[in-house]
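Visitor: There's a structure below that I have some questions on.
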Amino acid sequence: MTELVETIAARGHDNVRAEHASTFEVTTDDWLTPAGDCILAVEADATPRKFGPAFKEACRSHEATITATLTVEGPDRIHEETVVGSGHPDLTLVDDRSAVARTSTYVDDRTVMVDADRAAADFDRDLVAALADGAPCTLRLAVEA
């Protein structure tokens, strides 16, 4: 099997709260209000629309396992969290603003994974604090094909 990978570079924001119980999101927006409690990072340099065709196709299977690894460069150490979820035949991966991982099976144009084993509220609080301080981060999405 071949692992296909897409990587998104972004940064935290002082309004990162990471309290949402069923999703987490990375957005290209350069701002964040306190209401955006699922958003982990802003100013993302890539979106699902920019993902390669082979990656997108591999994600469109119920059998696909998608692994998201968030690496945050905090001031004192590097924080890393891994989330494992599934693909879905209805994934369009065409949004040009946000990438969203979901613990449910709901799919829209922003969805990059369903059945995720954690959401924003489950992330380590030290990682969240580093994001709230504006730390740079990388979201690595990998799928086996």
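Visitor: Of all residues in the range 117-139, count the ones that are among the small types (Gly, Ala, Ser), touching an Asp or Glu at 6+ places or on another chain (Cβ under 7 Å) and not in a loop (DSSP other than H, G, I, E, B).
Guide: Final tally of qualifying residues: 3.
Visitor: Condition test on residue 103, is it surrounded by 15 or more Cβ atoms within 10 Å (Cβ to Cβ), among the β-branched types (Val, Ile, Thr) and closer than 25 Å to residue 32 by Cα?
Guide: When the stated conditions are applied, residue 103 passes them.
Visitor: For the list (1) farther than 21 Å from residue 16 by Cα; (2) outside any loop (DSSP other than H, G, I, E, B); (3) out of contact with any Ser or Thr (no Cβ under 8 Å at 6 or more places or on another chain), I need the number of the one condition that residue 106 fails.
Guide: With respect to (1) farther than 21 Å from residue 16 by Cα; (2) outside any loop (DSSP other than H, G, I, E, B); (3) out of contact with any Ser or Thr (no Cβ under 8 Å at 6 or more places or on another chain), residue 106 is out only on (2).
Visitor: Being out of contact with any Cys (no Cβ under 8 Å at 6 or more places or on another chain), within 19 Å of residue 123 (Cα to Cα) and of a type in the set (Lys, Arg) narrows it down to one residue among 60, 102; which is it?
Guide: Numbers: 60 fails: within 19 Å of residue 123 (Cα to Cα).
Exactly one residue qualifies, and that residue is 102.
Visitor: Would you call residue 77 of a type in the set (Lys, Arg) and more than 15 Å from residue 141 (Cα to Cα)?
Guide: yes
Visitor: Take the residues in the range 77-113 that are without any contact (Cβ under 8 Å) to a residue 60 or more places away in the chain and touching a Phe, Trp or Tyr at 6+ places or on another chain (Cβ under 7 Å), then tell me which one is nearest to residue 41 (Cα to Cα).
Guide: That would be 81.
Visitor: Next question, about the same structure. Taking interchain pairs and intrachain pairs at least six residues apart, which have beta carbon atoms under 6 angstrom, with the first residue in the range 120-134 and within 13 Å of residue 70 (Cβ to Cβ) and in contact (Cβ under 8 Å) with a residue 40 or more places away in the chain and the second in a loop (DSSP other than H, G, I, E, B) and of a type outside the set (Asp, Glu)?
Guide: 120/18; 120/20; 120/38; 123/18; 128/18; 130/74; 131/12; 131/16
Visitor: Suppose we filter 23, 47, 65 for residues that are within 24 Å of residue 104 (Cβ to Cβ) and more than 14 Å from the chain's Cα centre (by Cα); which single one remains?
Guide: Working: 23 fails: more than 14 Å from the chain's Cα centre (by Cα); 47 fails: more than 14 Å from the chain's Cα centre (by Cα).
None of the others qualify; the one that does is 65.
Computed from the coordinates by the stated procedures, all read-outs in this text should not be read as laboratory data. No experiment lies behind these values; they were computed from the predicted model shown. Positions of Cβ are backbone-derived with ideal geometry, glycine not excepted, and every protein chain shown enters the neighbour counts.
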